[in-house]
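Read the figures in this text as sums done on the coordinates, not as results from a lab. Computed from a prediction, not measured in an experiment: that's the story for all the values here. Reconstructed Cβ throughout: ideal geometry from the backbone, glycine too, with neighbour counts over all protein chains shown.
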Amino acid sequence: MTIVETPRAGGPSVARVLIPLGAAMMFSLIGDQTLYASLAANADLVGLSGTAVGVMLGTNRLVRIPANPFGGMLADRVGRRKPYIAGMVVGALSTAVCALAHGFWPFLLGRILWGLAWTLINMSALSMLLDLTTQENRGRFAGFFQLAYLLGLSTTALAGGFLADALGFRQALWIGVGVTSVGFLVALIALPEPWKGRDGSHPRTFMPALSARDFFSSLDPRIFAATFMYMTTNFAGNGVVMSTVGLLLRSRYGESVTIGGLTIGIVSLAGILLGLGPLLGVVAGPIAGRLSDSPQGRWRVIAWGFVAGAGAFGLLVRDQYLGFIVAGFILVSTADGILLPTLVAQAGDVTRSEQRGRQMGVYATGGDIGSAAGPFAAYALARIMDLRWVYALCAGLYLVALGLTVWMDRRRARG
């Protein structure tokens, strides 16, 4: 089997790709984050039951599980830019469908479209990141790449929550359509194809078609460890926490809460928490990424991320105090800020350049299995037990991942 690889001669700089890439990605998140902040409080308005809310918040991730490998293969075959721009278009369309929808099936269509949109956006973005970096600087640039994602989460969740409270749920979504459309224009005008030959054409970097057995046997075993850890992180942090913040606050405090004489609506407070927490991840990501590029390797930084995550869920278990809830959500986001860039850098270190899109599709699929299972499991378990036990389960999963991390680090040290 012959592998054809074209060098990156004459390609654009990292900054020229990552700046418009990150800006467009930030704009694309507003519709999704508005739903996380406000759908549970507006379920009756759009004709959804409480159980259906959990389905809607997890369906887009469920769609990505089979779609990610295909999205990665598409990025390997036609280049990174075209699928990314197509994802921005589908993302705006998905938010428009949710703004119009009433009832289970129309809303489900909108969430399926968002799942496909994020597959195209994320797989193309990850492939671009790995195309432009090396093992010596990948953690650092992965950390800065996370700035766009986490800033997008924080600002769009905050804006979405306040817009839904101030203008109404559907009006907030229509504003989201406009913001995502601006992101599409940024990508269309400013985002170059990151890996071109000297003649300006996209090189054929992909391998011939492989059987499923050959494909998986070609993967480095270390990518499966990184994939499991990414799945755990997304199940607990991105899945359970993001989908239950509104439910937790409403169950504990009703429609509003008074802090220091100021009364805040629960939807607005949920938006604040979803927005404030990731700001710590914005700081933690570049620092963690740079530290992971050191001779000590990435596993030790990853271990500290899981320690922080386990501690965060320990705080959420004691949810009778608002201060513990706030601290727990902030610490979860800090743990995510540590883990997400270092895990993607670790996975990228062991991917084969000629199969980069496909192999990162496997990695992303593991994360989406966790993300999809998180809301489903959280809302299902919340029907039969208190949410604090769901958070205790998440703390246990982080401890399991921590044990695997320590084992992988010792294995690395033994060579």
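Overview of results
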| item | result |
| --- | --- |
| Order by protection proxy (mean Cβ within 10 Å, highest first), peptides 96-104, 338-346, 26-34 | 338-346, 26-34, 96-104 |
| Dipole of the chain [Lys/Arg +1, Asp/Glu -1 at C-beta], most positive-end residue of Tyr379, Met242, Ser294 | Ser294 |
| FRET efficiency, Ala392 to Glu255 (Cβ-Cβ, R0 22 Å, nearest 0.05) | 0.20 |
| In nm, spacing of pseudo-spin labels at Gln296 and Lys82 (7 Å Cα→C-beta vector) | 4.5 |
| When the convex hull of its Cα atoms is projected in every direction, mean area for the stretch 332-415 (nm²) | 6.7 |
| Which of Tyr321, Tyr379, Tyr253 has the fewest Cβ neighbours within 10 Å, and the rest in rising order | Tyr321, Tyr253, Tyr379 |
| Convex hull of Cα atoms in the chain, direction-averaged projection (nm²) | 19.2 |
| Directionally averaged projected area (convex hull, Cα atoms, the stretch 248-397), nm² | 10.2 |
| Residue-by-residue Karplus 3J(HN,Hα) for the stretch 108-124, coefficients 6.51, -1.76, 1.60, Hz, glycine and proline x | 4, 4, x, 6, 5, 4, 5, x, 5, 4, 5, 4, 5, 5, 6, 5, 5 |
| Model label zone, Leu322; criterion: amide N under 13 Å from point 7 Å along Cα-to-beta-carbon; scope the stretch 221-251 | 249-250 |
| Rh by Kirkwood over Cα pairs, then Stokes-Einstein D for the stretch 239-333 at 0.692 mPa s and 37 °C, µm²/s | 226 |
| Cβ-derived FRET efficiency at R0 30 Å, Arg352 paired with Ile287, nearest 0.05 | 0.55 |
| Residue among Ala373, Ala226, Ala166 with the largest mean-square fluctuation in a Gaussian network model of the chain, springs linking Cα atoms under 10 Å | Ala166 |
| Set of the stretch 154-187 residues, backbone N closer than 12 Å to the point 7 Å along the Cα-Cβ line of Thr263 | none |
| Convex hull volume per residue in cubic angstrom - Cα atoms of the stretch 19-101 | 93 |
| Cα-based convex hull, the stretch 255-301, per residue volume (Å³, whole number) | 91 |
| Degrees, to the nearest 10: 138-167 long Cα axis against longest axis of the chain | 30 |
| Built amide H within the under 5 Å cut-off of Ser256, gap 5+ | Ile266 |
| Over the stretch 71-168: Kirkwood hydrodynamic radius from C-alpha pairwise inverse distances, Å | 15.2 |
| Cβ-placed point charges (K, R +1; D, E -1), dipole of the chain about Cα centre in debye, nearest 20 | 760 |
| 0 to 90° range, to nearest 10: angle between helix 266-292 axis and the chain longest Cα axis | 30 |
| Crossing angle, helix 221-233 versus the chain [Cα axis fit, 0-90 degrees, rounded to tens] | 20 |
